[in-house]
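The values are calculated or read from the model by the stated rules, or taken from the named source; none is laboratory data. Model, not experiment: these values are computed from the prediction. Neighbour counts are summed over all protein chains in view; Cβ atoms, including those assigned to glycine, are modelled from backbone coordinates with ideal geometry. Protein only, heavy atoms only, side chains kept; ligands, DNA and RNA dropped before computing areas. Shrake-Rupley method; radii C 1.70, N 1.55, O 1.52, S 1.80 Å.
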Amino acid sequence: MTEDFDKIYSEALNNKEEFWSNIAGAITWDKMWNSVLDTSRSPFYRWFSGGRINTCYNALDRHIDDGRADQCALIYDSPITNTIKKYSYKSLRDLVARFSGALANQGVKHGDRVVIYMPMIPEAVVTMLACARIGAIHSVVFGGFASHELAVRIDDAMPKVIVSASCGLEPGRIVAYKPLLDEAIKLAKHKPIRSIIVQRDALVCEMTERDLDWNDAMSEAKPHNCVSVDATDPLYILYTSGTTGQPKGVVRDNGGHAVALNWSMGAVYDVKPGDVYWAASDIGWVVGHSYIVYGPLLAGATTILYEGKPVGTPDAGAFWRVISDHKVSKLFTAPTAFRAIKREDPAGKQIKKYSIPSLKALFLAGERSDPDTLIWAEKHLNVPVIDHWWQTETGWSIVANCLGIEKLRVKHGSPSKPVPGWDLSVVDEGGKEVKNGEIGALVLKLPLPPGSLLTLWNADERYHQSYLTEFPGYYQTADAGYLDEDGYVYVMSRTDDIINTAGHRLSTGAIEEVLASHPDVGECAVVGTNDALKGQVPLGFLVLNAGVNRGGDQVVNETIQLVRDTIGPVASFKTALIVERLPKTRSGKILRGTLQKIANSEPYVTPATIDDPDILKEVSIALKDSKFSTEI
Ligand code: COA
Ligand code: AMP
């Protein structure tokens, strides 16, 4: 029986404006909107035009005004530093208001950008909300990116101020952030006027003229009020991998974002004010933005900021300890985290050590959920395990089993059905809908619902070109999949060069750009290869320049280091194969599908499925004498 779900889905589809204006009533507006859906610049649609709002007010002050001042808003749980700290809505608001004053003291005002390059510490959340409070636009850069990637984002966002920390903590090593930050500022053309630095006990960094200590910034500051902004003003820019080395700056607004995220907390996750909700991700990713920071706080829930890994900090029971200590009701993470736990504790012995009756559901996203992992989680946790599909661009889930509306039957391998607000079709190359069961491009009819991307930062044309051109009238997700006879969606693969590594989104094209910059590399290609823990990891194929007579292994190791230094450790680039040449079609196009098959064969061999003799010859010449390098 799916009456409620179907009813709400059709309301959202057929009476968009009425549907979303009713939902928007749950948010506090400084001024009501003139139009719910503004089509005047289509396909650049805007929601709640003319409305005025403050996202930070809605995430913090509103709950204090509603009598929730003492309720816990944020729990910082850091097994890596052995720290647990709790912040009530009032204490978090007071910190945020004061840091807003600190940013204002540096001249940061409405519309200015602030880059945040920080580990998973409370000051990172405080900074995001402080930007929202004064109408500044934050851009969080994941800590696993190296200086070059940070510099590219600095040049694109042109921040007035950067907020960072002396270090991040990864198991077994301290990541000194400050030298990475300083190097990035050196590499970037744009220079921020100030870096505000949180000094952490594990590593105190040197300060330069540009730097200001977080504590000094706070002690000099007065609390700042919420600044009312247009609903359509940007709240944040979040860079994500595109098909080149230039990342895409996804822009999210204030009004539509607050409305959609607040609604999704109830509708998708079945979370009510006061519930404890935990997204085990990182604030550098969209999951962290939407479901560590904004979603749970907008909904008046308690959110958890976890600085650690699912395993090894201290063991495979790390997640169950957090759930038990803080009475977590909903957990959201990437399947890779569960693969890591399952690998260490296949029999689920650690789960039995903890009392976790508070846990009511597990949500997975970020990559395809392999049925093995999903079934393992169902068996050992004994709660619904909900796969849901979304992207940095969409900001919240496109396809899910909406527990807060009506729990649908779970079909392993499918994230279930399109969420109310999203109008999904599966189409062939010509844009024609395909039959159920046939694979095609997953596209979303415009306009997208509130909360999805407005455009790309300073790149309207690139936004249009990347997402709206191939299938006019639709947003192209760049995922391929199919629908079954019950309307369940199956997401199978990307149609572009993006791969998902440990739930992190990477562009193989961007890695190729780095490899090609090595003086001994003549030509290269990178494809994803299956990995039991991370889902996929990049594998490089390198053709060396004629006359290179150094050992191939040496070049391979240098390229691995080059990717680590340029993109960052997050790229997980640890293997490369030296080949005679890259297999290509007669017209000179690299046979990527063939490379993909080779990458996924063990050992690396010519795929048996190639029946074109010319291509077969190409591939065997290409692979002749190839060398395979293991990890450094
Ligand atoms: N700052 C600096 N370095 C970082 C970092 C950060 N914030 N995050 C990761 N790294 C480093 C890691 O230390 C690792 O370095 P190494 O090559 O020296 O080992 C490298 O980047 C790759 O990181 P990752 O792919 O995350 O591998 P991992 O072995 O550290 O952890 C998992 C693997 C599966 C345990 C971890 O990725 C995980 O918990 N993922 C699930 C949750 C999640 O983050 N999902 C994202 C979107 S929902
Ligand atoms: P990101 O922008 O980092 O969130 O990555 C988005 C991409 O991850 C999507 O386009 C998909 O390719 C993949 N993805 C996310 N969630 C799922 C899911 N539940 N099932 C399959 N693929 C997913």
Cα gyration tensor category, rounded, prolate or oblate, for segment 350-491 with a/c compared to 1.5: prolate
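So which GluC sites (Glu not before Pro) in segment 347-438 are both in a DSSP loop and have at most 10 other Cβ atoms within 10 Å of their Cβ?
Of the GluC sites (Glu not before Pro), the ones in loops of segment 347-438 whose Cβ has at most 10 other Cβ atoms within 10 Å are Glu429.
What FRET efficiency would be calculated for the residue pair Lys186, Asn225, taking the C-beta separation as r and a Förster radius of 51 Å, to the nearest 0.05?
0.90
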The chain: relative contact order as a whole-number percent, Cα under 8 Å and 6+ apart: 12
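Please list Leu297, Leu483 in order of solvent-accessible area, largest first, computed with a 1.4 Å probe with all protein chains present.
Leu483, Leu297
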From phi via Karplus (6.51, -1.76, 1.60), per-residue ³J(HN,Hα) for segment 50-63 in Hz, x at Gly/Pro: x, x, 10, 7, 10, 5, 5, 4, 5, 7, 10, 4, 4, 6
Solvent exposure ordering (accessible area, 1.4 Å, most first) of Asp213, Asp77: Asp213, Asp77
Cα gyration tensor shape of segment 225-346, rounded if a/c is under 1.5, else prolate or oblate by comparing a/b with b/c: oblate
The chain: calculated mean residue ellipticity at 222 nm from DSSP helix runs of at least 4, using -39500 (n - 2.57): -8000 deg cm²/dmol
Amide H contacts under 5 Å for Val521, placed H, 5+ residues apart: Asn545
Long-range HN-HN contacts of Asp423 with modeled amide H, under 5 Å: Lys445
Inter-centroid distance (Cα atoms) of segment 439-498 relative to segment 395-434, Å: 13
Cross-link reach list, lysines versus Lys330, counting only Cα pairs under 16 Å and skipping chain neighbours closer than eight places: Lys272, Lys360, Lys407
Using θ = phi - 60° and Karplus 6.51 cos²θ - 1.76 cosθ + 1.60, couplings along segment 394-399 (whole Hz; Gly, Pro as x): 7, x, 7, 6, 8, 10
Packing-based order for 107-118, 515-526, using average beta carbon neighbours within 10 Å, highest first: 107-118, 515-526
Sequence-distant lysines (8 or more away, or on other chains) whose Cα lies within less than 17 Å of Lys189: Lys160
Modelled label reach - Glu11, point 7 Å along Cα→Cβ, segment 437-455 residues with backbone N closer than 19 Å: 449-451
Euclidean distance of C-alpha centroids, segment 523-556 and segment 70-106, integer Å: 44
Segment 188-229 versus segment 299-349: alpha-carbon centroid distance in Å: 32
Other-chain or far-sequence residues with amide H under 5 Å of Lys584's (modelled H): Leu591
Modelled FRET efficiency - R0 56 Å, Met218 with Asn600, Cβ distances, 0.05 increments: 0.60
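Which value does Rg/Rh take for the chain over its C-alpha atoms, Rh per Kirkwood?
Numbers: Rg = 24.2 Å, Rh = 25.3 Å.
Reported Rg/Rh (Cα atoms, Kirkwood Rh): 0.96.
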By average C-beta atoms within 10 angstrom, highest first, the peptides 271-277, 231-237, 588-594: 231-237, 271-277, 588-594
Sulfur and carbon atoms: percent of accessible area, the chain [1.4 Å]: 49
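Roughly speaking, what is the stretch gain from Arg550 to Glu209, that is 0.36 nm per residue apart minus the C-alpha to C-alpha distance, in nm to one decimal? Show your work: numbers first, answer last.
Values: separation 341, 0.36 × 341 = 122.76 nm, distance 4.42 nm.
Fully extending the segment from Arg550 to Glu209 adds 118.3 nm.
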Pairs from Lys7/Lys445; Lys178/Lys342; Lys90/Lys222; Lys86/Lys222 whose Cα-Cα separation, in the structure shown, is over 27 Å: Lys178/Lys342
At R0 = 35 Å, FRET efficiency that the Cβ-Cβ distance of Asn557 and Leu533 yields, to 0.05: 0.95
Area of Arg462 that stays accessible when all protein chains are in place (1.4 Å probe, Å², to 10): 70
Shape call, segment 84-164: gyration tensor on alpha carbons, a/c limit 1.5: oblate
Beta bridge orientation in the chain: antiparallel %, DSSP, nearest 5: 60
Note, ³J(HN,Hα) from phi for segment 205-220, Karplus 6.51, -1.76, 1.60, rounded to Hz, x at Gly and Pro: 9, 7, 10, 10, 4, 6, 8, 9, 5, 3, 5, 5, 4, 5, 5, 7
